[in-house]
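We did not get these values from a lab; they are worked out from the coordinates using the rules stated. Small disclaimer: the values here were computed from a predicted structure and weren't measured. Cβ atoms come from the backbone with ideal geometry, glycine included; neighbour counts cover every protein chain shown.
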Amino acid sequence: MARGRDWNVDLIPKFLMANDLMGMFEKRRFRKFLVFVAAFDENDPKTFQGVDPVATTMRDVYKKFDLGQDVIDFTGHALALYRTDEYLDQPCLETVNRIKLYSESLARYGKSPYLYPLYGLGELPQGFARLSAIYGGTYMLNKPVEELVLENGRVVGVRSEGEVARCKQLICDPSYVAERVQRAGQVIRVICILSHPIRNTNDANSCQIIIPQNQVNRKSDIYVCLISYAHNVAAQGKYIAIVSTTVETGEPEKEIEPALELLEPIDQKFVAISDLYEPIEDGTESQVFISRSYDATTHFETTCNDIKDIYKRMTGTGFDFENMKRKQNDVFGEDEQ
């Protein structure tokens, strides 16, 4: 999700009228809630409307605006992108900021708060590869990793086909270090090829659908990501829908049936069930920093959080986005106002 300029409150009515999940009176209450969120400034108590950012729970905020359960599910899971309802009994500040992020991004791009690269997600590592080369990065392609080379418990290199690539720190995914990770569940993903857009989406060429856990009597949300020929990832007139969720039972395919019903008819589908792994150490002693497996979410928030966590463990400090913006402005100039 990309943060845009301050959210224009005038966009609220348009956003509400496009949402048929609520009746007229619910929309009025929800509009008041969104106006409150848009004006909320944690540094200005005049914007609090009686809400204490660190003492008032999000559950209490919803009660204050008399929002129903369906709207709460929609707000918490589709706007704030929470995966469980634990946030309801936590201080409201983070949730309010999450909704503001969604809203500001929507205000900037109009139809969606999300960005997706043409030609698919493979363009992201390609972009990284080009930038890495500019800064002196070296790529060793088609080289199998045989073992990590350690000295006194710290990584000093990676052995491949008799050669050792020396390093002071190592970043890798769980597949390279089975002895340093633990299983943390499973995720089911179903790639579906369609010849039509998803019903009731105004024939959108791309969209994300989040089915909140409460709506389908589950512990985990179900995610649907739709992309198409508009993104240069499919033939003209074809659509690709990816359905995913965290496995909770012994019959994973039944768990994603509510999402598959939204996609009918399906030309062809491909089902994959994958184990999820997480590191059992933080990497500060060995200097081996391991990412988590990709979870069921389709908006990559958890992946971004994992990247920021690895950066902090490697450097000892959090990533400073504001400093990066300043450096970028020094090179490219200030953003348009």
Q. If each of residue 109 and residue 151 carries a label point 7 Å out from its Cα toward its Cβ, how far apart are those two points in nm?
A. 4.6
**Q.** Gain upon complete extension [residue 165, residue 257; 0.36 nm per residue less C-alpha separation]
**A.** 28.4 nm
Q: For the stretch 15-89, compute Rh as the Kirkwood radius over C-alpha pairs and then the Stokes-Einstein diffusion coefficient at 10 °C and 1.306 mPa s; write the answer in µm²/s, rounded to an integer.
A: 121
Q. What is the order of 58, 24, fewest Cβ neighbours within 10 Å to most?
A. 24, 58
Q) What list of whole percents do you get for P(r) of the stretch 195-268, with Cα-Cα distances grouped in 5 Å bins up to the one holding the largest distance? A) 3, 16, 27, 23, 15, 10, 5, 1
Q: Within the stretch 77-169, report the GluC sites (Glu not before Pro) that DSSP leaves as loop and that have at most 16 other Cβ atoms within 10 Å.
A: 146, 161
Q: For residue 254, go through the lysines and keep the ones whose alpha-carbon is under 17 Å away, minus same-chain ones fewer than eight residues off.
A: 219, 269
Q) Any idea what Rg and Dmax come out to for the stretch 91-227 if you just take the C-alpha atoms, in Å? A) 21.5, 60
Q | the chain: angle of helix 123-134 to the longest principal axis, Cα-based, in degrees nearest 10 | A | 50
Q) Which angle from 0 to 90°, rounded to the nearest 10, does the C-alpha axis of helix 93-109 make with the longest principal axis of the chain? A) 90
Q) Could you give the angle, 0 to 90 degrees to the nearest 10, between helix 24-39's Cα long axis and the longest principal axis of the Cα atoms of the chain? A) 50
Q: Could you pull out every one of the lysines with an alpha carbon less than 18 Å from that of residue 168, ignoring same-chain neighbours closer than 8 positions?
A: 312
Q. For the chain, what is the calculated [θ] at 222 nm in deg cm²/dmol (nearest 500), taking -39500 (n - 2.57) for each run of four or more DSSP H residues and dividing by its residue count?
A. -9000 deg cm²/dmol
Q: Enter the per residue convex hull volume of the stretch 174-220, computed from alpha-carbon coordinates, in Å³ rounded to the nearest integer.
A: 139
Q | Added length on full extension, which subtracts the Cα-Cα distance from 0.36 nm per residue, residue 308 to residue 183 | A | 42.8 nm
Q: Multiply the residue separation of residue 196 and residue 273 by 0.36 nm, subtract the distance between their alpha-carbon atoms, and state the gained length in nm to one decimal.
A: 25.2 nm
Q | Sequence of 223, 139 once ranked by neighbouring C-beta atoms within 10 Å, starting from the fewest | A | 139, 223
Q. What are the radius of gyration and Dmax of the chain, computed over its Cα atoms and given in Å?
A. 22.5, 71
**Q.** Likely footprinting exposure, 60, 320, fewest C-beta neighbours within 10 Å first
**A.** 320, 60
(Q) Using the Cα centre of the chain as the reference point, and only Cβ charges (+1 on K/R, -1 on D/E), how large is the resulting charge dipole? Debye, rounded to the nearest 20. (A) 720
Q. If the cut-off is 27 Å between C-alpha atoms, which lysines fall inside it for residue 111, apart from same-chain ones fewer than 8 positions away?
A. 14, 27, 32, 100, 238, 325
Q: May I ask you to list the trypsin sites (Lys or Arg not before Pro) in the stretch 218-317 that are in a DSSP loop and have at most 15 other Cβ atoms within 10 Å of their Cβ?
A: 219, 238
Q: Work from the charge dipole of the stretch 154-260 (Cβ charges, +1 for Lys and Arg, -1 for Asp and Glu, about the Cα centre) and give the residue of 178, 234, 223 farthest towards its positive end.
A: 178
